[in-house]
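A.B. asks: Have a look at this one.
FYI, it's all coordinate maths here, none of it is from the lab. Here the structure is a predicted model, which means the values were calculated and not measured. When we count neighbours, we look across all protein chains shown, and the Cβ atoms used for this are built from the backbone with ideal geometry, even at glycine.
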Amino acid sequence: MQKVLTAGEMHEVDRLTTEKYGISQIILMENAAHAAARVICEKLGGSVDGKSILVFCGKGNNGGDGAALARVLWQQGADVEVCLSSNHQMVVQAWGVSTDLPVNGDYDADGKEDIAVFRAANGTWYVINSGNGNLVSNVWGQAGDIPVPGDYNGDGINDRAVFRGGTWYVNQCIQGQTVRQFGLATDKAVPASDLP
Ligand SMILES: [Ca+2]
Ligand SMILES: [Ca+2]
């Protein structure tokens, strides 16, 4: 592999892009993820649908790039597994079955991503809380729903939410449940985190 920039030079480029041009780190990550996904699609014949892809994520913003890339590839139909590492040690966690959908997010508000899956067959969310390692399961949704988790009320806690034929059903942890019609039955749900 040929290095174009050193790690220090790359860090400086990121810093200048944010400070001088006002492009946030999260947008940089999203742009990097979508650009990498386009290249991967091209390399795999134009589509990742049905392909098995393993993403290794290190620490820092590069790890964030990898996590965002995994989400983009999954939304394009790939069967994605993610290995996380913060100290150059690979972490592999088995959680869920092959038909589950990954719905990772921070469900216990400790600032760390939690491993989580949504099982459409029984409408259940299975989460490993990163704070205490507890395994939590909640029923929210039903077969055929599309999981669209995110922090809809800005309290720092990822909310369990599903999109069902033009209606969003959001379980906002503390403030209760919100049901809002938005879109048509034929629309595809896209959480805010996926918008450029
Ligand atoms: Ca967490
Ligand atoms: Ca929330």
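A.B. asks: What are the extents of the Cα atoms of the chain along their three principal axes, in Å, largest first?
C.D. replies: 48, 38, 35
A.B. asks: Starting from 0.36 nm per residue, how many nanometres of slack lie between L54 and V13 once their C-alpha separation is accounted for?
C.D. replies: So the chain would gain 12.0 nm between L54 and V13.
A.B. asks: Return the long-range amide H neighbours of V103 (sequence gap of 5 or more, or a different chain), with a cut-off of under 5 Å between placed amide H atoms.
C.D. replies: Answer set, sorted by chain and number: A116, V117, F118.
A.B. asks: Show the residues, 5+ positions off or on another chain, whose built amide H is closer than 5 Å to the amide H of W140.
C.D. replies: T124, W125
A.B. asks: Show me 11-18, 52-59, 66-73 ranked by packing, highest mean number of other Cβ atoms within 10 Å first.
C.D. replies: 66-73, 52-59, 11-18
A.B. asks: Could you compute how fast region 101-174 diffuses translationally, taking Rh as the Kirkwood radius over C-alpha pairs and applying Stokes-Einstein at 37 °C with viscosity 0.692 mPa s? Give it in µm² per second.
C.D. replies: Translational diffusion coefficient: 270 µm²/s.
A.B. asks: At R0 = 25 Å, how high is the FRET efficiency between N134 and L101 if r is their beta carbon distance? Nearest 0.05 is fine.
C.D. replies: 0.75
A.B. asks: For helix 60-75, what angle does its Cα long axis make with the longest principal axis of the chain, in degrees from 0 to 90 and rounded to 10?
C.D. replies: So the inclination is approximately 50 degrees.
A.B. asks: Among C57, I40, Q93, whose Cα projects farthest towards the positive end of the dipole of region 24-119, with charges put on the beta-carbon of Lys, Arg (+1) and Asp, Glu (-1)?
C.D. replies: Farthest along the dipole direction, towards plus: I40.
A.B. asks: Mind putting together the pair-distance distribution for region 1-85? All Cα pairs, 5 Å bins, whole percent per bin, short to long.
C.D. replies: It works out to 3, 14, 21, 23, 18, 12, 7, 1, 0, in whole percents.
A.B. asks: Nearest 10 degrees is fine. How inclined is helix 7-21 to the longest principal axis of the chain, computing both from alpha carbons?
C.D. replies: The angle comes out at about 70 degrees.
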